[in-house]
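In what follows, a single structure is set out as structure tokens and then discussed.
Where a number appears in this text, it was derived from the coordinates with a stated rule and is not lab data. Keep in mind it's a predicted model, so treat the numbers as computed, not measured. Here the Cβ positions follow ideal geometry from the backbone for every residue, glycine too, while neighbour counts run over all protein chains shown.
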Amino acid sequence: MKSKSVLAVFAAVVSAVSVAAQGVAFDAAQVKGLFGGTTWVDHLQVVSFLADGTLTINRGATVLVKTTWEPSGVRSVKGNNVEWTLTPNAAELHMTGATVFRIYYRGKAFPPEAPFVKKTLAQPDVVWVLQGVSWRRTFAFNGELDVACGDNGVASMDTIYLSGGRGFWLGRWQGHYLLQDAKGQWSLRSEFNGVYKPEPAQPGDPLAPQRISRAKSPFGGTTWCRLDGKGKLLTLAFAASGTTSDSAFRDERPEWVPYEGNAVRYTAGQQNRRLALDTERQRLVREDITVREVWFPGRQPPQLKMAEAKLLKETLTDESKTWAFSKAGKRISYTFDSKNVSISTADGPPTVARWEILCADCIRIGDEAFMFEGDKLERVKPRLTLQHEPKP
């Protein structure tokens, strides 16, 4: 009996120490008061904790999830198989699951970008390194938040979209968030639980391009052109004085800014437009997840010679092959004859459109422009990459 009493006292002491270490005792009613009736938003969803214990997750007007929530800690609740934890200032809500992490912000609108985001990410000769893996995956940023990605030194570029607060998208759907621990150390946590920490760049790590002077840039005094899907000529010129003339924005004369790697950018139509010379320095390319424009030097796009046009037609109309996009169960195929193209999808009957050659390596299908690039057809906008492959 005495030993049991001692054990009971010991357990009580341990419990008291544990509560003291947390600083605040767990009170389910108090936690319900913290969460009940609150609404939170991230870049895709709105989350609401109703006072009756209902949890709803919406995307626009669509209800994605309707379930229940219950207190699980001093400042946390569980619901939809994840845990939701309030930050000490109650302005953010961190969602943590087995394979996912997100930050939500109070209310129905994103806050503006936190002032520390750019200066924290873009540090000279610093890369953010993925932790806990056997290979070296890195991110490097510049002051404009261009990002250079590296896998064991193999470089690729991606596009960053600031989403407000301390978060941003890298690519189309991958959310990332800056976090700071109690010691003031920063880490970068991805939506799918990858953690990156800043380290000095090593030889071979890709770095984001930096601004250069116009005197070192190949763009001053150059003019470029392309055709849109209706065959309309569009022009783009970079004056040596530093202004840009874009025929799509006739009333604007923005400044053009050159970068390392034969890149240039300007802002027009409230868009930050980024372009770079291709590897052969013959064409100027603007691309991101929504568009891939190819500009030709001069004021008129190059025309195909008869032999080149014949070869292009033979390639497009090869009866043994089709041009297709396949991803995540979605498939679109384009099958050409001498005049028409049949466009097939998995969820509807085929549609037929006329096609024609507009200029060198550029064709029109209906009112959409496509660039012919070896074994690919690239739709300019909205972007779509078709691969040349045998018919199934």
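For the options Lys119, Lys78, Lys183, a Gaussian network treatment of the chain with springs between C-alpha atoms closer than 10 Å singles out Lys183 as fluctuating the most. Comparing mean-square fluctuations of Ala122, Ala346, Ala114 from a GNM of the chain with C-alpha springs under 10 Å, the top value falls on Ala346. The convex hull defined by the C-alpha atoms of region 214-297 has an orientation-averaged projected area of 5.6 nm².
When the chain is described by a simple charge dipole with +1 on each Lys and Arg Cβ and -1 on each Asp and Glu Cβ, the residue from Ser48, Leu170, Ala268 located farthest towards its positive end is Ser48.
Could you work out the longest stretch of the chain that avoids the GluC sites (Glu not before Pro) located in DSSP loops with at most 16 other Cβ atoms within 10 Å? Between exposed loop sites, the widest span is 1-251. Counting other Cβ atoms within 10 Å as a rough exposure proxy, the listed residues Phe249, Phe49 run Phe249, Phe49 from fewest neighbours to most. Going by the alpha-carbon gyration tensor, a ≥ b ≥ c the square roots of its eigenvalues, is region 181-322 rounded (a/c under 1.5) or, if a/c is not under 1.5, prolate (a/b greater than b/c) versus oblate? Judged from the Cα gyration tensor, region 181-322 comes out oblate (a/c at least 1.5, b/c at or above a/b). Rounded to the nearest 20 debye, the dipole magnitude of the chain is 420 debye, with +1 charges on Lys and Arg beta carbons, -1 on Asp and Glu beta carbons, and the Cα centre as origin. Relative contact order of the chain, please, whole-number percent, based on alpha carbon pairs below 8 angstrom and at least 6 residues apart. Contact order relative to length: 8 percent. Annotation: lysines with alpha-carbon distance below 23 angstrom to Lys230 (same-chain offsets under eight excluded): Lys305, Lys310, Lys313, Lys339, Lys376, Lys381. Tell me whether region 266-392 comes out rounded, prolate or oblate; compute the Cα gyration tensor, take square roots of the eigenvalues as a ≥ b ≥ c, and use a/c under 1.5 as the rounded threshold. Cα axes put region 266-392 in the oblate bin. Taking the charge dipole of the chain about its Cα centre, with +1 at Lys and Arg Cβ atoms and -1 at Asp and Glu Cβ atoms, the residue from Thr222, Pro350, Asn81 reaching farthest to the positive side is Asn81.
What translational diffusion coefficient, in µm²/s and rounded to a whole number, does the Stokes-Einstein relation yield for region 116-200 at 25 °C and a viscosity of 0.890 mPa s, taking the hydrodynamic radius as the Kirkwood radius over Cα pairs? In µm²/s, the coefficient rounds to 189. Classify the chain as rounded, prolate or oblate, taking a ≥ b ≥ c as the square roots of the eigenvalues of its Cα gyration tensor: rounded when a/c is under 1.5, otherwise prolate if a/b is larger than b/c and oblate if not. Prolate. Only DSSP H runs of four or more residues enter the estimate; each adds -39500 (n - 2.57), and after division by the residues of the chain the mean residue ellipticity at 222 nm equals -3500 deg cm²/dmol.
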